[in-house]
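Here the structure comes first, spelled out in structure tokens, and everything after it is commentary.
FYI, it's all coordinate maths here, none of it is from the lab. Predicted model only: the values in this text are computed from it and were never measured. Heads up, the Cβs are rebuilt from the backbone with ideal geometry, glycines too, and the neighbour counts pull from every protein chain shown.
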Amino acid sequence: MTKLGSSDLDVFPLCLGGNVFGWTADEAQSFAVLDAYADAGGNFIDTAESYSAWVPGHSGGESETIIGKWLSSRGDGAGMVIATKTGHNRDLRREVILEAAKRSLDRLQRDRIDLYYMHNDDPETPFEESLGAFGELIRDGKVGYVGASNFTAERLAEALDVAEREGLPRIVAVQNEYNLVARDYETDAEPLVASRGVAAVPYYGLASGFLTGKYRPGGAAVDSPRAQAALARLDDHGLAVLEALDDIASAHATTPAAVALAWLLAQPTVVAPIASARSVAQLEELLPFTSLELGADELERLSRAG
């Protein structure tokens with residue numbers, strides 16, 4: 001377990017993404033994945049009120065509902081750190097945050113959200129108002145800590161400065177896209193995150209499944225709604241990354257996915273990459289990274305390839 005930034009939350013190195021629950025994994029499949037994750041020692045689950053609103057007939061909250069049922073059926077999942085998000089539609093006004101928190105708590109069947117993210121930046125609402133609302137929730141025991149997702153370095157710095165100046169809750173974790181083939185984080189938010197002691201919990205840790213190695217030129221079709229995004233990576237750059245992953249995975253008798261996540265965990269500021277699994281078999285491809293130690297030469301080769 002690792003401490004999440006300046007919080008008192010101790011978290012497992014793999015943050016289990018809940019975006020597939022209620023989407024590509026039904027309730028029974030989701031429960032099986034959650035059970036296997038908990039059995040492996042996992043305690044950090046990420047979701048959002050908007051999951052899975054993109055599915056026809058869904059309105060959002062499906063993932064939270066499944067996680068809530070699982071927590072309830074397992075005795076509230078003692079020791080589980082639950083992170084969720086509000087403001088997917090870039091609306092972080094006070095009343096919106098307070099109402100969204102109530103809905104999420106009801107669905108999760110919990111009294112407290114351990115880590116509550118601003119899902120997207122809302123440049124129209126002052127941070128004094130948004131962070132003030134989070135402060136009310138923390139004061140009332142409904143939220144533990146505040147995070148920010150999809151924030152630029154400039155806006156993250158502004159939020160941190162406002163919190164410090166006004167005595168409002170400080171952002172303890174940032175959730176932006178970061179993986180071997182998407183590296184903008186390194187030149188944008190990473191220097192600030194490092195200097196201000198914020199924890200990075202990157203999403204798309206496996207680049208929409210591309211870094212699992214399932215997608216190959218001329219390979220068998222993969223039944224996944226993310227296949228199109230993954231197949232777009234099959235250029236010279238992507239193939240070089242796959243070659244490096246294959247070689248290092250073979251040397252360690254593990255999976256390309258585990259190697260890709262081990263590289264990510266080794267990067268400055270990263271506390272726990274987010275990756276999702278719609279089956280126990282998929283989860284088993286990821287879990288070895290939590291004990292995988294890559295050599296400096298292997299990390300350098302992956303960095304160059306990526």
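Which shape class, rounded, prolate or oblate, goes with segment 1-107 when its Cα gyration tensor gives a ≥ b ≥ c as root eigenvalues, a/c under 1.5 marks rounded, and past that a/b bigger than b/c marks prolate? It is oblate, given that a/c is not under 1.5 and a/b is not larger than b/c.
Residue-wise HN-Hα couplings along segment 19-32, as the Karplus relation 6.51 cos²θ - 1.76 cosθ + 1.60 with θ = phi - 60° gives them from phi, are 5, 7, 5, x, 10, 8, 10, 6, 4, 5, 5, 5, 4, 5 Hz; Gly and Pro carry x. Backbone geometry of segment 94-108 corresponds, through the Karplus equation with coefficients 6.51, -1.76 and 1.60 at θ = phi - 60°, to 3J(HN,Hα) couplings of 3, 5, 5, 5, 5, 5, 5, 4, 4, 4, 5, 4, 4, 5, 6 Hz, x marking Gly and Pro. For the set K3/K102; K85/K214; K3/K142; K69/K214, the pairs lying more than 25 angstrom apart at their alpha carbons are K3/K102; K85/K214; K69/K214.
Amide H contacts under 5 Å for A25: none, restricted to partners 5 or more places along the chain or on a different chain, H placed in the peptide plane at 1.01 Å from N. Between the amide H of V143 and those of I113, I138, distances stay under 5 Å, these residues lying 5 or more places away or on another chain, with hydrogens modeled in the peptide plane.
Using the Cα coordinates of segment 32-78, the gyration tensor eigenvalues translate into equivalent-ellipsoid semi-axes of 23, 11, 9 Å, sorted from longest to shortest.
Think of the chain as a dipole: +1 on every Lys or Arg Cβ, -1 on every Asp or Glu Cβ, centred on the Cα centre; then among A207, M1, N179, M1 lies furthest on the positive end. Of T84, L192, L302, whose Cα points farthest to the positive end of the dipole of the chain (charges on the beta-carbon: +1 Lys, Arg; -1 Asp, Glu; origin at the Cα centre)? Of the listed residues, the answer is T84. With the highest mean first, a sort of the peptides 128-135, 4-11 on other beta-carbon atoms found within 10 angstrom per residue produces 128-135, 4-11. In terms of overall dimensions, the C-alpha atoms belonging to the chain reach 52, 42, 34 Å along their principal axes, ordered largest to smallest. Taking Cα centroids, how far is segment 11-69 from segment 168-219 in Å? Their Cα centres are 20 Å away from one another. Helical content alone sets the calculated 222 nm signal of the chain at -12500 deg cm²/dmol, taking -39,500 (n - 2.57) per DSSP H segment of four or more residues and averaging over every residue.
Let me know the shape class of segment 74-214, please: from the alpha-carbon gyration tensor, a ≥ b ≥ c as square roots of the eigenvalues, rounded when a/c is under 1.5, otherwise prolate if a/b is greater than b/c, or oblate.
Values: a/c = 1.84, a/b = 1.17, b/c = 1.57.
Cα axes put segment 74-214 in the oblate bin.
Taking the Cα centre of the chain as reference, the dipole from Cβ charges on Lys and Arg (+1) and Asp and Glu (-1) amounts to some 440 debye.
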